[in-house]
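**Student:** This is the structure I want to talk about, given as structure tokens.
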Amino acid sequence: MNETYAKTIYARYGVDVEKAMETLQKVPVSLHCWQGDDVTGFDRKEGGPLTGGIQATGGYPGKARTPEELMDDMDQVLALCPGTKKINLHASYAIFTPEAPWVDRDKLEPKHFAPWVAYCKERGLGADFNPTFFSHPMCDPLTLSSPREETRRFWIDHGKACVRIAQYLAQELHTPCVLNIWTGDGFKDIPADRLGPRQRYKESLDAILSEPYDRSMVYPCVESKVFGIGVESYTVGSAEFCLKYAAQKEGCISLMDNGHYHPTEVVSDKISSLLLFDEKLALHITRPVRWDSDHVVLFDDETREICREIVRCRALDRVFLALDYFDASINRVAAWVTGYRNLQKALLYALLQPADTMKQLQDTGDFTSLLVLQEEMKTAPFGLIWDAYCRRCGVPLDGEWLPKVKAYEAAVLAARE
Ligand code: RNT
Ligand code: ZN
């Protein structure tokens, strides 16, 4: 009844609600495994700090300590989120077993991810992959751009191992695998040589990507950044470096993380330019608060605008969408679910805009009508359609999922130290 009424309102603006829901249900969104354990991973028995200029702040209890716990937590999240899911793994989440004992990152093999493949197969998920160029003794602190040959060799070998693992994930799961390369390489203070590290980074990337892979199944990308904690003055993999690297490297695409730009720069304005020149584009959806703080993704203006750009460019099948945040100050499962559902909301919101009408108003110079229409769409009965979408996907509605997370917290998370 309510849903029917909501649909008539959208129909007034020429929006086909059924079609929007049907489209969204098929768009893959990658769930980042690292929200569940504050980017710790399983390959550092001795512990050690999170490095690379990123930080997970907060000490909320219940952090996942083992692969089993992380998988259990991810199951909770998957059950509470609508849409087509992939999972996003970092190399540091390799699972060591008697059949696949511990090796250092330069020697990782597909078998160290066999339990993740089993996990994905049981749930019909695809997987994306990331080499881990941080939180490791071989960061000197540079990695792929280090002047030390031995350091670069180690990390190039790590990168190549990850190409092979990405190929394995794609093959086993019959789903394309995004292989995202990000390093925190850079300097705290003003460098004496900006070119040298970038030249070495380029050569290291070339060496990694000389490893053979199937171009239709593995999508390597380079993620740029403006600065990190302790790396305030110079980032090797800057925006220009990554854009130019991807532009000239066959098969390599750009990844934009919306926490990685100057504070008034927005990724929503960059998407159309990249899509004009590149077939594919990858995004990390996050929320920067004053800096690259990786707060939980909200249903906020910029998240909506990013999604509207993708929809308006008719590029839902050309953009790889992944979440990237880590909040250790609240229930981690709730943090995951909130961000995932918010990205779904933003995508649905975008699909419910009368994009063609708006474009026509712009092209005919009727900016008055455009402004009015844009404002009216903000209060269209979106919540009712969101409910309908959740029902259609068989997941709880808003107001229904948090009690489930709280129950899981009481029964499972609270028992973890
Ligand atoms: C860091 C980058 C990077 C990481 C993950 C863990 O600033 O955003 O994507 O967050 O690889
Ligand atoms: Zn990122």
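Each value in this text was obtained by applying a stated rule to the coordinates, not by laboratory testing. In this text the structure is predicted, and so the values were computed from the model without any measurement. Please note: Cβ atoms are built from the backbone with ideal geometry, for glycine as well, and neighbour counts cover all protein chains shown.
**Student:** Over the alpha-carbon set of the chain, divide Rg by the Kirkwood Rh and report the Rg/Rh ratio to two decimals.
**Tutor:** On the way: Rg = 21.5 Å, Rh = 22.2 Å.
Taking Rg over the Kirkwood Rh, I get 0.97.
**Student:** Continuing with this model, one more query. For labels at Trp102 and Glu203 in the simple 7 Å Cα→Cβ model, what's the distance in nm?
**Tutor:** Going by the 7 Å Cα→Cβ label model, 3.3 nm.
**Student:** For Ala411 and Tyr60, FRET efficiency with R0 = 22 Å and r from the beta-carbon atoms, rounded to 0.05?
**Tutor:** That pair, Tyr60 with Ala411, gives E of 0.85.
**Student:** Hey, what angle do you get for helix 2-12 against the long axis of the chain, alpha-carbon based, 0 to 90 degrees rounded to 10?
**Tutor:** 80
**Student:** Stretched out fully, how many nm does the piece from Thr8 to Glu109 gain, at 0.36 nm a residue minus the Cα gap? Don't skip to the end; give the middle numbers.
**Tutor:** Values: separation 101, 0.36 × 101 = 36.36 nm, distance 5.43 nm.
Here the segment from Thr8 to Glu109 would lengthen by 30.9 nm.
**Student:** Okay, helix-only estimate at 222 nm for the chain: each DSSP H run of n ≥ 4 adds -39500 (n - 2.57), divide by all residues, round to 500 deg cm²/dmol; what do you get? Don't skip to the answer; put the middle values down first.
**Tutor:** Numbers: 14 runs with 176 residues, N = 417.
The helix contribution divided over the chain gives -13500 deg cm²/dmol.
**Student:** Also, I was wondering about something else. Return a whole-number percent for the relative contact order of the chain, with Cα pairs under 8 Å and 6 or more residues apart as the contact set.
**Tutor:** Relative contact order here is 21 percent.
**Student:** Now a separate question. Taking a ≥ b ≥ c as the square roots of the eigenvalues of the Cα gyration tensor of the stretch 218-283, is the shape rounded (a/c under 1.5), prolate (a/b larger than b/c) or oblate?
**Tutor:** It is oblate, given that a/c is not under 1.5 and a/b is not larger than b/c.
**Student:** Here's a follow-up. For the stretch 1-67, what is the per residue volume of the convex hull drawn over the alpha-carbon atoms, in cubic angstrom?
**Tutor:** Spelled out: Cα convex hull of the stretch 1-67, divided by residues, is 212 Å³.
**Student:** Okay, moving on. At R0 = 22 Å, how high is the FRET efficiency between Thr368 and Asp269 if r is their beta carbon distance? Nearest 0.05 is fine. Provide the component values of the computation, followed by the final result.
**Tutor:** Values: r = 23 Å, r/R0 = 1.05.
Working from the Cβ atoms, E equals 0.45.
**Student:** What does the net charge come to around Asp317 if you take all other residues with beta carbon closer than 13 Å to its beta carbon, with K and R at +1 and D and E at -1?
**Tutor:** Cβ neighbours under 13 Å give a net charge of +3.
**Student:** To make sure I understand the rule: partners must be aspartates and glutamates, Cα under 14 Å from the Cα of Lys359, and not fewer than 8 residues away in the same chain. Which ones qualify?
**Tutor:** Qualifying aspartates and glutamates at Cα under 14 Å: Glu309.
**Student:** Could you tell me which of rounded, prolate or oblate describes the stretch 282-417, using a ≥ b ≥ c as the square roots of the eigenvalues of the alpha-carbon gyration tensor, with rounded for a/c under 1.5 and, failing that, prolate when a/b is larger than b/c and oblate otherwise?
**Tutor:** Here the stretch 282-417 falls in the prolate category.
**Student:** Take the residue pairs Lys249/Lys345; Lys63/Lys107; Lys244/Lys270; Lys45/Lys107 and return only those whose Cα atoms are more than 25 Å apart.
**Tutor:** Distance filter (> 25 Å) returns Lys249/Lys345; Lys63/Lys107.
**Student:** According to the square roots a ≥ b ≥ c of the eigenvalues of the Cα gyration tensor, what is the shape class of the stretch 314-354, taking rounded for a/c under 1.5, prolate for a/b larger than b/c otherwise, and oblate for the remainder?
**Tutor:** Oblate, because a/c is 1.5 or more while a/b does not exceed b/c.
**Student:** Continuing with this model, one more query. Taking 0.36 nm per residue of separation and subtracting the Cα-Cα distance, what length does fully extending Ile229 through Arg392 add?
**Tutor:** Taking 0.36 nm per residue and subtracting the Cα distance, the gain is 54.4 nm.
**Student:** With axes computed from alpha carbons, what is the tilt in degrees of helix 332-351 against the longest principal axis of the chain, rounded to the nearest 10 within 0 to 90?
**Tutor:** For helix 332-351, the angle is close to 50 degrees.
**Student:** Between Lys26 and Ile190, what FRET efficiency follows from the Cβ-Cβ distance if R0 is 45 Å, with the result rounded to 0.05?
**Tutor:** It comes to 0.40.
**Student:** Hey, which aspartates and glutamates would be in cross-link range of Lys7, C-alpha to C-alpha under 17 Å, not counting anything within fewer than 8 residues on its own chain?
**Tutor:** Asp16, Glu18, Glu22, Glu376, Asp387
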